[in-house]
Amino acid sequence: MIVAKFGGSSLANATQFQKVRDIILADSGRTLIVPSAPGKRFDEDEKVTDLLYRCHREHEEGISFLPTFERICQRYLDIASGLQLTLNLQRHFDEIRQQIASGASADYCASRGEYLNGLLLAEYLACDFLDAAEVILFDNEGIFDAEKTNVRLKKTLENHKKVVIPGFYGSSNDGSIRVFSRGGSDITGAIVARAAQADLYENWTDVSGFFMADPRIVHNPKPISHITYHEMHELCSAGATVLHEDCVFPVSCAGIPTNIRNTNFPVHPGTMITCTAIQREDFAIFAGVAGKKGFSLLVLEKETPERSWAFVQGVLEGAKSCGLPFQYLPSGVNCACLLVESKQLFRFVDDFKEEMEKLETPHLLEIENEIAGIVLVGYGIVHNRETVNRIYEILRRQEIDVVMINQGGGELSTWVGVPEDKMEMAIRAIYEEFV
Ligand code: ASP
């Protein structure tokens, strides 16, 4: 049994719907289908979800949302007429328009993109439609309730042979609609795969899987045919974007592999993401490299020869009591550094400084901004002592300063901080060295 999730570009118009149907008919195992809302048809186009959020904003600001709403309706009407579907869309449009006009929440508005697309896709594929509001459950604070959902969904799925479940949304106890963060249909797909104990979670998008580096930075990077969930999570945390980060857990904990596939090039096997690296032979050291700008390094250096652990403890307590989230904590005998996303730092820096003033140990606090984090991911890295030396050497040759380096305790990644304006150059050099 396969769960097939289709992203917005895979369902952006009638032609894309046809490709999706061909894919589904090509394998009778594809019985659980999770669609996104229609995405962009061309570069300057707008996603239906963006238009729905705009309707909500316009209504709140007292501007008429009707012109934007008309554009949304037209997107669905075009798909329906292109596929000769008979669903009474007008009835749904009227209901949604009324809800927006009477002040429906942003989550409700956004969710209608997937809802309507799900209805159309279910008719087109001649299968059942299951409203995600009935089976994807949130608590009243809007926190997703994984266990309750799993029980409800499992039971409900027993009643369906072939079913479309719209992605991205669910509902709270009080019946109000809630959505995941943007790109959240990936999460729905993973949740459905877990509940159905599927053999495979297919995530159909507009690229043929992951590349070993961002193609906007490295010319023609090698595709990744196989990667583990851990490696992928590390790459995503440093900027690689194909899958929503939060969709990993439901499938990885259930031991279900994920296959990233391209709706526009369905013969390509894409990238297979699995729990272990056992089957992998094609790259020994290194699975991929990714980079992300916008980090700051807080450097705290103590000025007296006291025990370093007590100082690091004090710094961490200070970070905890003001809620400062940090990515890495490299520390030394006399210093502790926190790598923090700059946008988070701006929010917390004054409180953090106040906390540090309470420390008994005299110290200096310096902040370095405009740092890019580059992560090299792969199980081979830790078994290959040369890796870190090679990174230093490559970056030295390119005259790129290394602001920090962190050999991850998790043993499958190495993190290097470089000046932001050198990130692309550093990624290219690292890629060329290792691949
Ligand atoms: N339609 C939503 C978005 O644009 C969710 C998704 O596509 O996964 O973020």
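Of the conditions (1) surrounded by fewer than 17 Cβ atoms within 10 Å (Cβ to Cβ); (2) β-branched (V, I, T); (3) touching a His at 6+ places or on another chain (Cβ under 6 Å), T86 fails just one. Which one is it?
Condition not satisfied by T86: (3).
What are the residues in the range 142-152 that are free of Cβ contacts under 8 Å to residues at least 24 places away in the same chain and either surrounded by 21 or more Cβ atoms within 10 Å (Cβ to Cβ) or in a helix (DSSP H, G or I) (or both), if any?
Passing the criteria: E147, K148, V151, R152.
Against the condition of a type outside the set (S, T, Y) and closer than 14 Å to N13 by Cα, how does L130 come out, does it pass?
In short, no.
Tell me whether the range 81-95 contains one or more residues that are within 16 Å of the ligand (Cβ to nearest atom) and either in contact with a strand residue (DSSP E or B) (Cβ under 7 Å, 6 or more places away or on another chain) or among the charged types (D, E, K, R) (or both).
Scanning the range 81-95 turns up no residue that is within 16 Å of the ligand (Cβ to nearest atom) and either in contact with a strand residue (DSSP E or B) (Cβ under 7 Å, 6 or more places away or on another chain) or among the charged types (D, E, K, R) (or both).
Can you name every residue in the range 96-141 that is in a helix (DSSP H, G or I) and away from the ligand (no atom under 16 Å from the Cβ)?
Within the range 96-141, R97, Q98, Q99, I100, A101, A122, E123, Y124, L125, E134 meet the criteria.
Quick check on L85: is it in a loop (DSSP other than H, G, I, E, B), touching a helix residue (DSSP H, G or I) at 6+ places or on another chain (Cβ under 9 Å), touching a residue at least 12 places away in the same chain (Cβ under 8 Å) and not small (G, A, S)?
Yes, satisfied.
Out of all the residues in the range 29-71, which are of a type in the set (A, V, I, L, M, F, W, C), away from the ligand (no atom under 12 Å from the Cβ) and farther than 30 Å from Q197 by Cβ?
F42, C55, I63, F65, L66, F69
Residues in the range 104-118: is at least one surrounded by fewer than 19 Cβ atoms within 10 Å (Cβ to Cβ), on the phi < 0 side of the Ramachandran plot and in contact (Cβ under 8 Å) with a residue 40 or more places away in the chain?
Within the range 104-118 (the criterion being surrounded by fewer than 19 Cβ atoms within 10 Å (Cβ to Cβ), on the phi < 0 side of the Ramachandran plot and in contact (Cβ under 8 Å) with a residue 40 or more places away in the chain), the answer is yes, since at least one residue qualifies.
Condition check: closer than 27 Å to T149 by Cβ, in contact (Cβ under 8 Å) with a residue 60 or more places away in the chain and away from the ligand (no atom under 16 Å from the Cβ). Does A277 satisfy that?
no
Do the conditions hold for K353, that is, is it assigned to a helix (DSSP H, G or I), of a type in the set (K, R) and either more than 20 Å from the chain's Cα centre (by Cα) or surrounded by 14 or more Cβ atoms within 10 Å (Cβ to Cβ) (or both)?
yes
Laboratory data are not the source of any read-out in this text; all were calculated from the coordinates shown. For clarity, every value in this text was computed on a predicted model and none was experimentally measured. Because the Cβ atoms are built from the backbone with ideal geometry, glycine has one as well, and the counts that use them run over all protein chains shown.
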